Structures are given as structure tokens and as C-alpha cells.
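Read through the structure below, which is laid out as C-alpha cells, and then see the notes.
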Amino acid sequence: MGRVAVVTGGIRGIGAAIAQALDKAGYTVAANYHQDDATATRFRESTGIAVYKWDVSDFTACQSGVAKVSEDLGAIDVLVNNAGITRDAVLHKMSPEEWGAVLETNLTSCFNMCRCTIGPMRERAFGRIVNIGSINGQAGQYGQVNYAAAKSGIHGFTKALAQESAGKGITVNAIAPGYIDTDMVRAVPPNVLEKIIARIPVKRLGQAEEIARGVLFLAADDAGFITGSTLSINGGQHMY
Ligand code: NDP
């Protein structure tokens, strides 16, 4: 196959499932991460997938990271912007730092990574970009004005970049996951999580592999007519 894919936040949770699904499908994969060296080492040893440490909210770090991956593995064909964080608080108690960190890590990171990879994709007239949004960017969520704004921004970013890139063989799509069983959701208090699950028509959390399945679909060579779309994978929790 020979396609090279980068997955940000690709060593645990949804990103790890995406990296492994792409690897299994024959892509050469680079899994980026930020801090968790121990998990990154375990992930590399157990999967054989190359891991690369940089902060996706830092433009200069993205430039060096992308250069290193391209040098090691070849030009990047597929970019999955998956890295994300939450810093939940109601607006009247939210600090500027909590606002800024979530916007920088979830949304500015998409600009940083797309800006650093799209030039060569345009030159080679091929690219697949998949941005991981969220049900909470579509529907809003109490205590998450920062996260909802960042994820909602991803959906607009996706449509605008899709228009700019369509003539160059590059598709840009988003996936909006519902509640998926990862560390991020395990951090939600159990009584709140119970209420969330009760509102999901399929009556369970999603699995990371169920998001990876959507990424594989959108990243495929023969998915060239799908661009600017958002695929909701949420157990029927939010339909529109
Ligand atoms: P996890 O918290 O399990 O993993 C997040 C990953 O992102 C980690 O690998 C982490 O690296 C990485 N990361 C965080 N900040 C940075 C940074 N600055 N630079 C590089 N990497 C970074 O998250 P999930 O798997 O749950 O979520 C993945 C994506 O899916 C996120 O964008 C999230 O918002 C979105 N999402 C998740 C949902 C869910 O229910 N879980 C629902 C909807 C959307 P490290 O390991 O080094 O910390």
C-alpha cells in the first residue's frame, strides 16, 4: 500500500485504536503523543508502530515533528487530528488558562498540523485529513464552553479546508464521536456517566475501535468523493 499516516494523540484511547487499525490495513503509521513516555514505549513495543513525541499546540514543534516523520517514513498521505484534552468548568468559574489550553490543544493543533502537512499533499495531489470533533461540539455540553467551542470550530475548519483542498485531491472530513470508553470518559464522575449512558439509545459507551472504523473509511484511497462531511458515531445520541 505504501501510504504514510500520522495520528496525533495516537498512543492511547481513540488515537491508539486508529493507529492500530491503519497499521493493520497496511499504512505506515506514526503515532504522536505529548507526555506519557511509559505508555508510548509500551505501545511501540506491543504494536511495532513508531511513536513521536511533540506538542501539537506548538507550531514550531509540529514543524519539526512532521519533518522528522517525513524523513523517517516518507511523505505524509493521511493526517488524523485526534489529540485532545478537557478542562471542564462552568463559564463563570473557568480560568483563562482552562479556556486557552483547550482551544490550543483541540483546535489550534488542527491548524498547526494541517499547515505543516498540506503543502506536500498539494504538490503530490493526494491527501486525506480526518479531524476528530465531538458530539459536544454539535450539541453543546454543560461545563464545557471551552471544549464545545473548540470542537465546534473543528467542524467549520473542516468544511473551509475541504473547499480549499478539493481541487488538489485532498479530502478533509470530521468524525464526531459520542461517549467512548477511554481515559477521558473514565474521568467523568460515575453518577454523571450513568445518566449519560441512560440517554444513549444503544445503552452503552462506544468503543475506540468503532471510531477507528470510521477513520479507515474516510482515509481510503477510494473515498475521494467524500469531503467536508461530518460522520457522527454516537450510538444514536444526537441525530441531525
Ligand atoms: P485520551 O485522553 O484517552 O488520549 C488523548 C491523547 O491525546 C493522548 O495520547 C495524549 O498524549 C494526546 N495529547 C493530549 N494533548 C496533546 C498535545 N498537546 N500534543 C500531542 N498529543 C496530545 O483521549 P480520547 O482517546 O478519549 O480522545 C481522543 C479524541 O477524541 C480527543 O480529541 C477527544 O476530544 C475526542 N473525543 C473523545 C470522546 C470520548 O468519549 N472519549 C468523545 C468525543 C470526542 P499523552 O498520552 O502523551 O498525554
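The values are calculated or read from the model by the stated rules, or taken from the named source; none is laboratory data. What you see is a predicted model, and the numbers here were worked out from it, not measured in a lab. With ideal geometry, Cβ positions are generated from the backbone for all residues, glycine too; neighbour counts draw on all protein chains shown.
Tabulated values for the structure
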{"quantity": "From Lys151, Lys203, residue being among the charged types (D, E, K, R) and under 13 Å from the mean Cα position of the chain (by Cα)", "calculated": "Lys151"}
{"quantity": "Any hit, segment 92-106, residues being of a type outside the set (Lys, Arg), in a loop (DSSP other than H, G, I, E, B) and surrounded by 17 or more Cβ atoms within 10 Å (Cβ to Cβ)", "calculated": "yes"}
{"quantity": "Close pairs from segment 100-126: first farther than 20 Å from Thr86 by Cα and without any contact (Cβ under 8 Å) to a residue 60 or more places away in the chain, partner more than 10 Å from the ligand (Cβ to nearest atom) and part of a helix (DSSP H, G or I), Cβ under 6 Å, at least 6 apart", "calculated": "Cys116/Gln63; Cys116/Val66; Arg122/Lys168; Ala125/Lys168"}
{"quantity": "Any hit, segment 95-110, residues being within 12 Å of the ligand (Cβ to nearest atom), among the β-branched types (Val, Ile, Thr) and in contact with a Lys or Arg (Cβ under 8 Å, 6 or more places away or on another chain)", "calculated": "yes"}
{"quantity": "Any helices (runs of 4 or more DSSP H) falling wholly within segment 111-224 and containing at least 3 residues that are closer than 26 Å to Gly65 by Cα and within 13 Å of the ligand (Cβ to nearest atom)", "calculated": "145-165, 208-219"}
{"quantity": "Selection from segment 79-88 of residues that are more than 8 Å from the ligand (Cβ to nearest atom) and part of a loop (DSSP other than H, G, I, E, B)", "calculated": "Arg87, Asp88"}
{"quantity": "Complete set of residues in segment 32-78 that are hydrophobic (A, V, I, L, M, F, W, C), near the ligand (Cβ under 10 Å from one of its atoms) and not in a loop (DSSP other than H, G, I, E, B)", "calculated": "Ala38, Ala40, Phe43, Val51, Ala61, Cys62"}
{"quantity": "Residue within segment 12-22 that is closer than 16 Å to Ala83 by Cα, in a loop (DSSP other than H, G, I, E, B), within 8 Å of the ligand (Cβ to nearest atom) and not aromatic (Phe, Trp, Tyr) present", "calculated": "yes"}
{"quantity": "Residue satisfying condition, being touching a Lys or Arg at 6+ places or on another chain (Cβ under 7 Å) and closer than 24 Å to Thr105 by Cα, within set Tyr52, Tyr27", "calculated": "Tyr52"}
{"quantity": "Complete set of residues in segment 182-229 that are hydroxyl-bearing (Ser, Thr, Tyr) and either over 20 Å from Gly9 (Cα atoms) or touching a Phe, Trp or Tyr at 6+ places or on another chain (Cβ under 6 Å) (or both)", "calculated": "Thr227, Ser229"}
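Each row is one residue, and each column tells you yes or no for (1) free of Cβ contacts under 8 Å to residues at least 40 places away in the same chain; (2) buried (at least 22 other Cβ atoms within 10 Å of the Cβ); (3) among the small types (Gly, Ala, Ser); (4) in contact with a Ser or Thr (Cβ under 8 Å, 6 or more places away or on another chain).
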position	(1), (2), (3), (4)
Gln141	yes, no, no, no
Phe157	no, no, no, no
Ala160	yes, no, yes, no
Tyr179	no, yes, no, no
Glu210	yes, no, no, no
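The rows are residues; the columns are (1) at pLDDT 95 or above; (2) farther than 26 Å from Thr108 by Cα.
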| residue | (1), (2) |
| --- | --- |
| Ile170 | yes, no |
| Pro190 | no, yes |
| Leu193 | no, yes |
| Pro201 | yes, yes |
| Val215 | yes, no |
